[in-house]
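Asker: One structure, as structure tokens, below. Some questions next.
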Amino acid sequence: MQMPDPDQSVLARKEAIVAGLGRILPADAVISDPAETRAYECDALTAYRCPPLAAVLPSTTEEVAAVLRFCHEQGVKVVPRGSGTSLAGGALPTADSIILGVARMNAVLETDYANRVIRVQTGRTNLSVTGAVEADDFFYAPDPSSQLACAIAGNIGMNSGGAHCLKYGVTTNNLLGVKLVTMQGEIVELGGAHLDAAGYDLLGVLCGSEGQLGVVTEATLRILRKPEGARPIMMGFDANEVAGACVSDIIKAGVLPVAIEFMDRPCIRACEAFAKAGYPDVEALLIVEVEGSEAEIEEQLAKIKEIALRHNPTELRESRSAEQSAAIWKGRKSAFGAMGQINDYMCLDGTIPVSQLPHVLRRIGEMSKEFGLDVANVFHAGDGNMHPLILFDANKPGDLERCEAFGAEILKLCVEVGGCLTGEHGVGVEKRDLMLAQYTPEDIEAQLRVKDVFDPKWLLNPAKVFPLETTETRRAA
Ligand SMILES: Cc1cc2nc3c(=O)[nH]c(=O)nc-3n(C[C@H](O)[C@H](O)[C@H](O)COP(=O)(O)OP(=O)(O)OC[C@H]3O[C@@H](n4cnc5c(N)ncnc54)[C@H](O)[C@@H]3O)c2cc1C
């Protein structure tokens, strides 16, 4: 993976730039000591690292605006950062950029149950949004597996999803408004506390724009009444393809579970060893959760079981208690951590039409043999969002490159079957150079022109999302 050469004139001015930031922010909000900036040298895509010039941690929207205005004047690049859990290298700094972290901006500003909205500062973690309203029986629906750590800022940056997004949609379906600071330091409000806004849908453009268009400091989010109850069921199959076909049939039947999660044998074993969830030792496991009143749960589960039985499951086990349900989800939610304990891996993220699951799973199995690298599959099967984890040995020369090449082939396959290069993790640096597998040069040019409007000097989140050669002239200008 290539990054542009750092701007030497910026590196030479480091002291003056840090001093300028120090005039805007309190002393403890500017980090420039190389020992401390190392904490910001990567996000959760740890294969790529580079300490930034400095990191700043403002506490208010006005401070963010002042920092951006200063950086705009000085020609300093800025990488917005929430919690740094991006798996696509979306918050990876360059040596000539500053990290602007919103972690200190984590307050709940307003809770409005009558209109079912909550307004928060974007440094607030995803899970703590639900934490703020659950005593009153409400919740915030998008639930990335990283929800304990990841911030609403990054959720908006990546248009994040999660296990329950099959029913409730991803971030963009639950985001009503934002406060955004442009690179020039202007504070703008998009959307509001209502369902639709007048004019162009700029909120739709912003959500998923990966820190390319501005820094989001506040968000108005839709909150929902908690369902009466929820119950997961586990189904084991003796082949990945059969489990894939079962998912496709559930969706085709028009049942709408709140989640359908898929795990294959390597992943099931790692999760079971880690979380002791009581998972059966099968080739492929589906966790299907339904919710509603007891009668609704029973009715949906009956239909799902009927469909599953047509695929000869080796296991069909319904949760019988809150403890069993929690254990089932604990296993699934620990998947990435559990795999990390046993192997280096690269987590991919692509989306496909659900009907293509059996074909894509079979091809991944074949490619795994061709590339000589094992794959563990864990993903949100209901919405076709795949996360193949390619296992490799970071200490073995050539393994990372082989893993990257294998990953690229899987993502191209997703596009080939009518899907998309990105699911919920964004493009970042990871998929930047694959964008031309999905888009024509004209498509890319149209996207670049949007960036030109919001960030004419191309200072926000450098070298992400677009292939470097397509942005060369703009970056040089
Ligand atoms: C174990 C694990 C499990 C995960 N599971 C899921 C999952 O189920 N679903 C899912 O969608 N993702 C998942 N992720 C990926 C990641 O957690 C999400 O992409 C998350 O939304 C990133 O949030 P963050 O606050 O950490 O953002 P960061 O990593 O800090 O940033 C992500 C992107 O948003 C931009 N950004 C950050 N703050 C701002 C801001 N204030 N204004 C504008 N842009 C900003 C950044 O520049 C970057 O491009 C997982 C990650 C891990 C490590």
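Asker: Report the trypsin sites (Lys or Arg not before Pro) located in segment 302-409 that are in a DSSP loop and have at most 14 other Cβ atoms inside 10 Å of their Cβ, or state none.
Answerer: On the way: sites: Lys303, Lys305, Arg310, Arg317, Arg320, Lys330, Arg332, Lys333, Arg362, Arg363, Lys369, Arg402; in loops: Arg310, Arg320.
Those that pass, being in a loop and sparsely packed, are Arg310, Arg320.
Asker: With just the Cα atoms defining each centre, how far is segment 47-110 from segment 437-454? Give it in Å.
Answerer: So the two Cα centres are separated by 24 Å.
Asker: Let me ask something else about it. Cα-Cα over 25 Å: which of Lys333/Lys412; Lys179/Lys457; Lys77/Lys179; Lys330/Lys412?
Answerer: Table pairs above 25 Å Cα-Cα are Lys333/Lys412; Lys330/Lys412.
Asker: When the helix-only estimate is applied to the chain (DSSP H runs of n ≥ 4, each -39,500 (n - 2.57), divided by the residue count), what is the mean residue ellipticity at 222 nm, nearest 500 deg cm²/dmol?
Answerer: Computed mean residue ellipticity for the chain: -11000 deg cm²/dmol.
Asker: Still on this structure, I have one more. Suppose the chain between Lys396 and Arg449 were pulled fully straight at 0.36 nm per residue; how much longer would it get relative to their current alpha carbon spacing?
Answerer: Taking Lys396 through Arg449 to full extension adds about 14.9 nm, to one decimal.
Asker: List the lysines whose Cα lies under 25 Å from the Cα of Lys303, skipping any in the same chain that are fewer than 8 positions away.
Answerer: Lys167, Lys226, Lys252
Asker: Let me ask something else about it. Can you pull out the chymotrypsin sites (Phe, Trp or Tyr not before Pro) in segment 207-294 whose DSSP state is coil and whose Cβ has at most 14 other Cβ atoms within 10 Å?
Answerer: Details: sites: Phe237, Phe262, Phe274; in loops: none.
Loop-located and lightly packed - none at all.
Asker: What FRET efficiency would be calculated for the residue pair Asp137, Glu306, taking the C-beta separation as r and a Förster radius of 35 Å, to the nearest 0.05?
Answerer: 0.60
Asker: What whole-number distance in Å separates the alpha-carbon centres of segment 348-426 and segment 279-306?
Answerer: 26 Å
Asker: Same structure, new question: If you add up the charges near Ala91, with Lys and Arg at +1 and Asp and Glu at -1, over every other residue whose beta carbon is less than 10 angstrom from its beta carbon, what do you get?
Answerer: In short, 0.
Asker: Hey, can you find the accessible area per residue of segment 229-417 for me, probe 1.4 Å, expressed in square angstrom?
Answerer: 40 Å²
Asker: Gain in length, Asp112 to Ala39, computed as 0.36 nm per residue apart minus the alpha-carbon separation, to one decimal in nm?
Answerer: Length difference between fully extended and current span is 22.6 nm.
Asker: With loop defined by DSSP as not H, G, I, E or B, and exposure as at most 14 other Cβ atoms within 10 Å, which is the longest segment of the chain clear of exposed GluC sites (Glu not before Pro)?
Answerer: 229-477
Asker: For a Förster distance of 51 Å, can you work out the FRET efficiency between the beta-carbons of Glu296 and Ala27, rounded to the nearest 0.05?
Answerer: 0.35
Asker: Here's a follow-up. Could you give the length gained on full extension between Thr60 and Glu442, defined as 0.36 nm per residue of separation minus the Cα-Cα distance, in nm? Present the calculation step by step, with values, prior to reporting the outcome.
Answerer: Details: separation 382, 0.36 × 382 = 137.52 nm, distance 3.89 nm.
Gain on stretching Thr60 to Glu442: 133.6 nm.
The values are calculated or read from the model by the stated rules, or taken from the named source; none is laboratory data. As the structure is a computational prediction, the values presented were derived from the model and not from experiment. Cβ coordinates were reconstructed from backbone atoms using ideal geometry, including for glycine residues, and neighbour counts include every protein chain displayed. Ligands, DNA and RNA are excluded from the accessible area calculation, which covers all protein heavy atoms including side chains. Shrake-Rupley method; radii C 1.70, N 1.55, O 1.52, S 1.80 Å.
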